[in-house]
């Protein structure tokens, strides 16, 4: 799932993210207003005292920066060295902390489940084309003919971008190698279903069978049935065979006699230990990288600003 989506944005829907952001912004504005009220309309003696002993008293000052840091600390489950001393400010702070606690609990539980989940977003050939999965093809005669000869834009793009990219060897391989790469890599493999499912049944663990999906690639035509010209049974055969196909009886018999079924998922993903890899944590690792980059830019901007101020003074 982490290869096609950002796990850290999936626990909540867009509406929940928007409501959470609006809540944090609202609490920040209310907390700033309450802090300024304490400074201007609260107890005059308390205001004089706090104006002299801000650092010692740990009083939250009526500054956007300090109030925003308190809100961000609450979202990140971190404390703040400063706090509001008035009743309105404390009520806003407690409301923010309690609400964020419930959001954090739901978010953490969802992340644990998502780390053990597989994706169902790859359902069509277009989804496969734009996914980070590699693609290999069983090396048999008709595959080497049908893949290069595909005239559909999506199928042609799959062959040119994933199967035979420019400057690389075409990825035609044995059945054993393709199934092995499906098990050990983010990889898709095209082959006949029956031998592939049989090898999957023999080599995959039970929990690894749960995320398998099949997408048809070849556009096959159903065989025709020859009847005598002008036969009175022509229309009857036409209707009967169409009803067999539409009702699923033909597919059922083909699955029973000619095609092996997809291996059953006897054990869910949650029944086995799943290690968290770099791909799962990649979005989180980008946060400190972006933070350091922004900090460096801000420091350089401050240095240039102060130098310009000093030059103007002289």
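Values quoted throughout were computed directly from the atomic coordinates according to the rules given, and no laboratory measurement underlies them. All figures in this text were calculated on a predicted structure; none of them were measured in a lab. Glycine also receives a Cβ, built like all others from the backbone with ideal geometry; neighbour counts cover every protein chain displayed.
With everything on Cα atoms, drop me the angle between helix 234-247 and the longest principal axis of the chain, reported from 0 to 90° to the nearest 10.
In the chain, helix 234-247 runs at an angle near 30 degrees to the longest axis.
Per residue of the chain, what 222 nm ellipticity follows from adding -39500 (n - 2.57) for every DSSP H run with n ≥ 4, rounded to the nearest 500? Walk me through the intermediate numbers first.
On the way: 13 runs with 178 residues, N = 314.
-18000 deg cm²/dmol, from helical runs alone.
Can you compute the FRET efficiency between residue 284 and residue 259 using 1/(1 + (r/R0)^6), with r the Cβ-Cβ distance and R0 = 41 Å? Round to the nearest 0.05.
That pair, residue 284 with residue 259, gives E of 0.45.
If you average the alpha carbon positions of segment 68-145 and of segment 291-314, how far apart do those two centres end up, in angstrom?
When both Cα centres are located, 35 Å separates them.
Calculate, for residue 244 and residue 18, the FRET efficiency according to 1/(1 + (r/R0)^6) with r their C-beta to C-beta distance and R0 51 Å; round to the nearest 0.05.
Working: r = 51 Å, r/R0 = 1.00.
With R0 = 51 Å, the Cβ-Cβ based efficiency is 0.50.
Provide, as a two-decimal number, the C-alpha radius of gyration of segment 62-211 over 2.2 N^0.38 Å, N being how many residues it has.
So segment 62-211 has a normalised radius of gyration of 1.76.
As a test of understanding, state the convex hull volume per residue of segment 125-271 from its alpha carbons, in Å³.
Roughly 161 Å³ of hull volume per residue.
Below 8 Å between Cα atoms, with a sequence gap of 6+, how large is the relative contact order for segment 125-271 in percent?
27 percent
Out of every Cα pair in segment 275-314, what percent are spaced more than 14 Å from each other?
Counting every Cα pair in segment 275-314, those more than 14 Å apart make up 64 percent.
With an 8 Å Cα cut-off and a minimum separation of 6 or more residues, compute the relative contact order for the chain in percent.
18 percent
Cut-off is 10 Å between beta-carbons; in what order do 173, 236 appear when sorted fewest neighbours first? Intermediate results must be reported in sequence, preceding the final value.
Values: 173 17, 236 11.
The order, fewest Cβ neighbours first, is 236, 173.
Can you give the three extents of the C-alpha atoms in segment 186-235 along their principal axes, from longest to shortest, in whole Å?
Principal extents (largest minus smallest coordinate, Cα): 56, 19, 15 Å.
Relative to the longest principal axis of the C-alpha atoms of the chain, give the angle of the C-alpha long axis of helix 175-184, reported between 0 and 90° and rounded to the nearest 10°.
Tilt of helix 175-184: around 20 degrees.
Report the FRET efficiency, 1/(1 + (r/R0)^6), for residue 203 and residue 154, where r is their Cβ-Cβ distance and R0 is 35 Å, rounded to 0.05.
With a Förster radius of 35 Å, E is 0.70.
In square nanometres, what is the average projected area of the Cα convex hull of segment 73-162?
The directionally averaged projection comes out at 10.2 nm².
Between 0 and 90 degrees, rounded to the nearest ten: what's the tilt of helix 87-115 against the longest Cα principal axis of the chain?
In the chain, helix 87-115 runs at an angle near 20 degrees to the longest axis.
Would you mind calculating the relative contact order of segment 78-212 from Cα pairs under 8 angstrom and at least 6 residues apart, reporting the percent as a whole number?
23 percent
Beyond 35 Å, what share of the Cα-Cα pairs of the chain remains, rounded to the nearest whole percent?
Summing the P(r) tail past 35 Å for the chain gives 52 percent.
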